[in-house]
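As structure tokens, the structure follows; a few thoughts come after it.
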Amino acid sequence: MGDMRRYWLGFGLVVGIGPTRLKRLLEAFGDVERAWHASPGALRAAGLPQKLISSLVEIRGRIDLAAELEKVEQAGFQVVAWDSADYPRRLSEIASPPPMLYVWGDLKAEDRLAVAIVGTRRPTPYGLAVAREVAAAMAVHGVTVVSGLARGIDGAAHEAALEAGGRTLAVLGSGLDEIYPPEHRRLARRIATQGAVVSDYPLGTRPEAGNFPPRNRIISGLSLAVVVVEAGATSGALITAHFAAEQGRDVLAVPGNITSRASRGCNRLIRDGAIPLTSVDDLLEVLNLDVVARQESAVQLLPEEPDERRVYQALAGEPVHVDELGARCGMPIARVTAALAMLELKGRVRQVGGMQFMKVREGRAGYRVE
């Protein structure tokens, strides 16, 4: 990606230019460098509001992007953007994925087989034991464990995955130089050597309360399924479960004592349709790793072409007719059907009759968004 990384970093510093607006700018100007240097008039013509244009122009005049990128690299971190080969493929499939990630450690292709394990910061001994058992089993089966580095269930899941020799990803609600909680700094360093610590927040971003719900969307987006081990009635883990359901991920919840506050959220998830996790075998059945591995092999043998990505992004959770896809993509029907054929082979889409197609929900759909 070379020097283009600096421009992705620059847009990440402009509050208000998120995935949707940045995508429009890329469509208007062709690449991130041209979008960064565009004139105010051109930015206005591309649909950017005047307030954001003023903010972008101010930051362009104040920030030395080369120096900012060097600061990131000197701290031992990487910038991974949409156009990077290292950008997590599974995360790229969600609606409006973060345009850029700061990464401490390494993201690998094998992290596509990942499960999120989340839960309360105040777990019971039962919850800690279950989190450790599930995380260790996933590590043994070659599945990356994703969590949020928080106290309690998150930390236990990361530690168990590391101790079992597996990979784990920690997603922060702060900059990579602002590890939270502070007592997990050592754990973060261990994760960076055996996985990655990830954030979409710039360096220097403090761990403010409002940062954590959005990062939960990345936790679920990186994962095939989300396991909620223990969660109170208002736990942030429930937000992760909601995002997972929206993204077509499976949600599993560990049943708990109905009198335990730590299990109220999990029991409610199960009531609402989440898959009860009564043993590691329940999770392995949901993951169906043999099928996923075959699909992964197809993806590696048949790299995703621009037409495939375009068609896939035009699809939604409901069936779409091939003619409508052609209109959405601005492509001839022959190219659309060729892309659909390859996506079907890779297990990414399925035909539901009448030349209508939809995205494949990976795993068994259980939990529903209400």
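Values quoted throughout were computed directly from the atomic coordinates according to the rules given, and no laboratory measurement underlies them. None of the values given here were measured: they were computed from a predicted structure. For neighbour counting, all protein chains shown are included, and Cβ atoms are generated from backbone atoms with ideal geometry for every residue, glycine included.
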**Complete:** Scaled by the rule-of-thumb 2.2 N^0.38 Å, the alpha carbon Rg for the stretch 109-287 gives a ratio of 0.92
**Request:** Would you mind putting 150-158, 171-179 in packing order, based on average other-beta-carbon counts within 10 Å, highest first?
**Result:** 150-158, 171-179
**Request:** Quote to one decimal, in nm, the extra length available between ASP83 and MET4 on full extension: 0.36 nm per residue of separation minus the C-alpha distance between them.
**Result:** 27.5 nm
**Asked** Which value at 222 nm does the chain reach when only helices count, each DSSP H run of 4 or more adding -39,500 (n - 2.57), with the total divided by all residues and rounded to the nearest 500 deg cm²/dmol?
**Response** -13500 deg cm²/dmol
**Request:** Pop a pseudo-label 7 angstrom from the Cα along the beta-carbon direction at both VAL280 and ARG62 and give the gap in nm to one decimal.
**Result:** 5.1 nm
**Message:** If I model a spin label as a point 7 Å beyond the Cα along the Cα-Cβ vector, how far apart are those points for ALA95 and ALA233 in nm?
**Reply:** 2.9 nm
**Message:** Only Cα pairs within less than 10 Å get springs; with that Gaussian network setup on the chain, which residue of ASP250, ASP200, ASP86 has the largest fluctuation?
**Reply:** ASP86
**Asked** Compactness ratio of the chain: Cα Rg over 2.2 N^0.38 Å, N = residue count?
**Response** 1.01
**Request:** Report the full-extension gain for the segment ASP106 to ARG271: residue separation times 0.36 nm, less the Cα-Cα distance, to one decimal in nm.
**Result:** 55.6 nm
**Asked** Percent relative contact order of the chain, based on C-alpha pairs within less than 8 angstrom and at least six residues apart?
**Response** 12 percent
**Request:** Just need the relative contact order of the stretch 109-287 here, percent rounded to a whole number, with Cα pairs under 8 Å and 6+ apart.
**Result:** 21 percent
**Asked** Alpha carbon centre of the stretch 21-58 versus the stretch 73-131: separation in Å?
**Response** 29 Å
**Message:** Using a Gaussian network model on the chain with a 10 Å cutoff between Cα atoms, which of ALA28, ALA244, ALA231 fluctuates the most?
**Reply:** ALA28
**Message:** Using each residue's phi in the stretch 124-129, evaluate 6.51 cos²θ - 1.76 cosθ + 1.60 at θ = phi - 60° and report the 3J(HN,Hα) Karplus result to the nearest Hz, with x for Gly and Pro.
**Reply:** 8, x, 4, x, 4, 5
**Fill in**
Straight-line reach check, LYS346, cutoff 21 Å on alpha carbons, 8 or more apart in-chain or any other chain, hits among lysines -> LYS108, LYS359
**Item:** Ratio Rg/Rh, restricted to the stretch 1-76 and using Cα atoms, in which Rh is the Kirkwood radius
**Value:** 0.96
**Prompt:** Counting DSSP beta bridges with both partners in the chain, what percentage is antiparallel, nearest 5?
**Reply:** 40 percent
**Normalised contact order of the stretch 1-73, rounded percent, pairs of Cα under 8 Å and 6 or more residues apart** = 40 percent
